[in-house]
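Step one of this worksheet: look at the structure below.
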Amino acid sequence: MAITRYRYDDPRANFPSFIKALFALKTAPGPGDVGNLYDWYVQRHSYFAWNTHAHGANSFLPWHRRFLMEFEADLRTHNPDKSVEVSIPYWDWYVDPMGAELFTVDSFGPAVEPEENGKGFFDENVWPINVGVVSGRRLTRRLNKMPELMKRSGANYTRYREALEINPHDEIHMAFKGQMMTAASPNDPTFWLHHAQLDKLWAEWQVMNGIDNYPERDGDNLGPGDIMKPFDVEVSSVFDIRHLTLSQPDDASVAYAAKL
Ligand SMILES: [Cu+2]
């Protein structure tokens with residue numbers, strides 16, 4: 001299974017089909033006591049946010065790579081447009097910091113004006129917030145100003161990961177406020193586009209600095225051979241996005257296409 005991810009405004013991203021697939025997950029039955037499959041992902045992220053080294057540790061990037069892969073596999077399984085391939089689009093906030101064609105009333109809904117949140121695709125009648133409810137069931141964003149985003153480089157993985165996680169990753173989550181700044185951040189589908197961009201940056205960094213450029217275990221930082229919870233795969237299993245093992249015997253590869 002070869003998956004290509006595109007910029008959200010690239011026609012090849014099949015953005016309308018991606019949206020339909022999101023809604024298919026939001027109505028598909030979820031495991032356990034979770035109402036639907038989409039919310040199961042929200043709950044998983046929320047639950048495992050701070051007790052599995054998913055954040056604030058070196059496995060931040062591998063953990064989210066695996067999380068996106070599993071979510072994307074479910075998107076593809078439940079995609080109602082069987083003739084169209086869907087993948088997680090990315091939002092390149094370096095070149096498109098305000099998501100000009102994303103945060104509109106005809107798409108994800110505005111990011112800036114609180115009173116208009118909930119307009120766009122994710123009206124609370126069709127996209128209620130069920131996990132990590134703080135105040136109300138409506139998706140909210142208050143992105144008053146996009147932070148100044150740092151470009152990250154350097155061949156030392158630990159320093160690169162730390163810097164990338166703080167700014168741009170954390171800074172963008174915080175700037176959105178609303179659900180995006182909570183552990184239940186996947187409630188806002190912006191999460192997937194944000195993390196696809198981060199994963200793309202890591203993939204590009206790996207090409208320059210080594211696919212296996214990842215430090216050994218150190219305290220709370222998992223090493224390449226350690227098991228990532230809740231996925232039960234080794235950290236190193238996601239190093240090479242061209243050769244990923246999703247579930248035996250189905251191998252997957254992920255590629256990022258540049259904008260046409
Ligand atoms: Cu996260």
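Overview of results
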| quantity | calculated |
| --- | --- |
| Helices (runs of 4 or more DSSP H) wholly inside the range 153-260 containing at least 1 residues that are within 15 Å of the ligand (Cβ to nearest atom) and among the β-branched types (Val, Ile, Thr) | 171-176, 190-209 |
| Some residue of the range 26-48 being out of contact with any His (no Cβ under 6 Å at 6 or more places or on another chain), under 17 Å from Lys200 (Cβ atoms) and within 14 Å of the ligand (Cβ to nearest atom) | no |
| Residues within the range 139-163 that are under 21 Å from the mean Cα position of the chain (by Cα) and either among the aliphatic types (A, V, I, L, M) or crowded, with 17+ Cβ neighbours inside 10 Å (or both), tallied | 12 |
| Filtered residues of the range 209-229 (kept if within 27 Å of Gln43 (Cα to Cα) and surrounded by 14 or more Cβ atoms within 10 Å (Cβ to Cβ)) | Asn221, Leu222, Gly223, Pro224, Asp226, Met228, Lys229 |
| Where Leu68 falls short, out of the listed (1) without any contact (Cβ under 8 Å) to a residue 12 or more places away in the chain; (2) under 11 Å from Ala196 (Cα atoms) | (1) |
| Residue check, Val105 within 22 Å of His45 (Cα to Cα), aliphatic (A, V, I, L, M) and at pLDDT below 95 | no |
| Residue in the range 193-206 that is in contact (Cβ under 8 Å) with a residue 60 or more places away in the chain, aromatic (Phe, Trp, Tyr), surrounded by 15 or more Cβ atoms within 10 Å (Cβ to Cβ) and touching a Lys or Arg at 6+ places or on another chain (Cβ under 6 Å) present | no |
| Yes/no for Asp96 being at pLDDT 95 or above, more than 16 Å from the ligand (Cβ to nearest atom) and under 22 Å from Glu162 (Cα atoms) | no |
| Count of the range 69-86 residues which are out of contact with any helix residue (DSSP H, G or I) (no Cβ under 6 Å at 6 or more places or on another chain) and buried (at least 20 other Cβ atoms within 10 Å of the Cβ) | 2 |
| Subset of the range 54-66 that is of a type in the set (A, V, I, L, M, F, W, C) and within 10 Å of the ligand (Cβ to nearest atom) - its residue that is surrounded by the most Cβ atoms within 10 Å (Cβ to Cβ) | Trp63 |
| Every pair of residues 6+ apart whose Cβ atoms lie under 7 Å, when the first sits in the range 41-57 and is in contact (Cβ under 8 Å) with a residue 40 or more places away in the chain while the second is more than 9 Å from the ligand (Cβ to nearest atom) and of a type in the set (D, E, K, R) | Phe48/Lys229; Thr52/Lys229; His53/Asp220; Ala57/Asp220 |
| Top-ranked residue of the range 16-53 - restricted to ones that are of a type in the set (S, T, N, Q) and surrounded by 16 or more Cβ atoms within 10 Å (Cβ to Cβ), ranked as modelled with the lowest pLDDT | Thr52 |
| Test: Val112 is surrounded by fewer than 19 Cβ atoms within 10 Å (Cβ to Cβ), touching a Leu at 6+ places or on another chain (Cβ under 6 Å) and farther than 13 Å from Asp9 by Cα | yes |
| Given (1) more than 14 Å from the ligand (Cβ to nearest atom); (2) outside any helix (DSSP H, G or I), index of the condition Leu75 fails | (2) |
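Okay, residues lined up against (1) farther than 13 Å from Tyr157 by Cβ; (2) among the β-branched types (Val, Ile, Thr):
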| site | (1), (2) |
| --- | --- |
| Asp212 | no, no |
| Asp218 | no, no |
| Pro230 | yes, no |
| Glu234 | yes, no |
| Val238 | yes, yes |
| Arg242 | yes, no |
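The values are calculated or read from the model by the stated rules, or taken from the named source; none is laboratory data. In this text the structure is predicted, and so the values were computed from the model without any measurement. Glycine also receives a Cβ, built like all others from the backbone with ideal geometry; neighbour counts cover every protein chain displayed.
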